[in-house]
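Working notes for the structure below.
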Amino acid sequence: MSHLKANKTVQLSHGGGGKEMNRLIKDIFFKAFDNPILRSEEDAARLHFSGYTAFTTDSFTVAPLFFAGGDIGKLAIAGTVNDLAMMGAEPQFLSSSFIIEEGFAIDDLKVIVTSMANELKRSGARIVCGDTKVVPRGCADGLFINTSGVGRIINNEISVKNLQDGDAIIVSRDIGRHGAAILMAREGLALESELTSDCASLWPIVEQLIAANIEIHAMRDATRGGLSAVLNEWASASDVGIEVNESAIPVSSEVSGLCELYGFEPFDLANEGTFILAVPQTSVAATLEVMKTFCHCEQAALIGHVNQIKPGKVILNTPWGSRRFLDVPQGELLPRIC
């Protein structure tokens, strides 16, 4: 009987640097993430880069660890891959560090690591180094994961400072699903139709857009702060005005219902597989065609335009003919959503 089978939960000894830790790393992490670079077992991965490289890091503390449409492992990989993809960079190498609370179920850890391995396959990225720490009960709320990633920049023109007057604003799919799914999981809500997080790696979509020579001025995944945060950041960074039409923004009935119930706005809720693009007006048709044909973005929609009416501000046109500023979300609507 293996050590991991005998111990059904993570023990402090699994972080002690001895036999138990070695078995944990070999039996779970190395088995799931196996590749020649990781297999070398050096203190640091030996990598080769050419040209411009994007580098990002993120930590994941989502609660609960498992939710409809994903778990903390899938979220960690998709989140880091997406940060690279939004820079026009091909995800290549990732690190992954685990802070595990004493008593965490070994079976749950295996499920999470397997989820990470499966999500890696969607982008072709590889985990090439990592770290494991075990802390006493009550110090980590189960499991925290940190991932860092590097990727080769293919399109070097994408920037929050690159929006231009007349640019079209496109959203890849319906918004607010991740925040709503986390809220539903925490509150134990049961809906007649299944609401799942949009958690997904976006590199396959971005790769198709780049391959089609779509001119992209700006691109960002709408995570914490949602659509509102991204558009306001763009307006400020590029010193432009952005005008969007509420009726054009795709929102599922489930998300709308939860927002009405809790007093939220879908524009403020987090996403983990939805992104926003700014492209020239002349590129709108080609962009939507690529996204809907090859990238499973059937709900991709043109939602607004860049102008100089109110530089630094985002204006929302409502279905009733009124207009209002779409401000940056205030406070923390849903803590620990990623």
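Kindly provide the set of residues from region 258-289 that are touching a strand residue (DSSP E or B) at 6+ places or on another chain (Cβ under 8 Å), crowded, with 20+ Cβ neighbours inside 10 Å and outside any helix (DSSP H, G or I), ordered by number. Hits for region 258-289 are 271, 272, 273, 274, 275, 276, 277, 278, 279.
Here's the yes/no breakdown for (1) modelled with pLDDT of 95 or more; (2) closer than 30 Å to residue 68 by Cβ:
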position: 133; (1), (2): yes, yes
position: 141; (1), (2): no, yes
position: 161; (1), (2): yes, no
position: 164; (1), (2): yes, no
position: 191; (1), (2): no, yes
position: 220; (1), (2): yes, yes
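Comparison of 62, 81 shows that the only residue that is within 13 Å of the chain's Cα centre (by Cα) and in a loop (DSSP other than H, G, I, E, B) is 62.
Does region 136-150 include one or more residues that are of a type outside the set (Gly, Ala, Ser), more than 18 Å from residue 14 (Cβ to Cβ) and in contact with a Lys or Arg (Cβ under 8 Å, 6 or more places away or on another chain)? Checked region 136-150: no residue is of a type outside the set (Gly, Ala, Ser), more than 18 Å from residue 14 (Cβ to Cβ) and in contact with a Lys or Arg (Cβ under 8 Å, 6 or more places away or on another chain). Could you tell me which residue of region 101-134 is nearest to residue 55 (Cα to Cα), considering only residues that are buried (at least 16 other Cβ atoms within 10 Å of the Cβ) and more than 22 Å from the chain's Cα centre (by Cα)? By that ranking, first place goes to 132. Of the helices (runs of 4 or more DSSP H) lying entirely inside region 137-238, those containing at least 3 residues that are small (Gly, Ala, Ser) and farther than 19 Å from residue 282 by Cα are 177-187, 226-238.
For region 265-274, the criterion of being more than 20 Å from residue 317 (Cβ to Cβ), small (Gly, Ala, Ser), within 18 Å of the chain's Cα centre (by Cα) and in the same structural domain as residue 174 (by TED's automatic domain parsing) is met by at least one residue.
In region 170-222, the qualifying residues are those that are within 15 Å of residue 275 (Cα to Cα) and small (Gly, Ala, Ser), and the one that is farthest from the chain's Cα centre (by Cα) is 218.
Here is a check on your reading of the model: is residue 71 assigned by TED's automatic domain parsing to the domain that holds residue 33, surrounded by 18 or more Cβ atoms within 10 Å (Cβ to Cβ) and touching a Leu at 6+ places or on another chain (Cβ under 9 Å)? Yes: the conditions hold for residue 71.
Looking at region 293-338, which of the residues that are among the polar types (S, T, N, Q) and either without any contact (Cβ under 8 Å) to a residue 60 or more places away in the chain or not in a loop (DSSP other than H, G, I, E, B) (or both) is nearest to residue 280 (Cα to Cα)? Within region 293-338, the match that is nearest to residue 280 (Cα to Cα) is 307.
The values are calculated or read from the model by the stated rules, or taken from the named source; none is laboratory data. As the structure is a computational prediction, the values presented were derived from the model and not from experiment. Ideal geometry is used to build each Cβ from the backbone, glycine not excepted, and the neighbour counts take in all protein chains shown.
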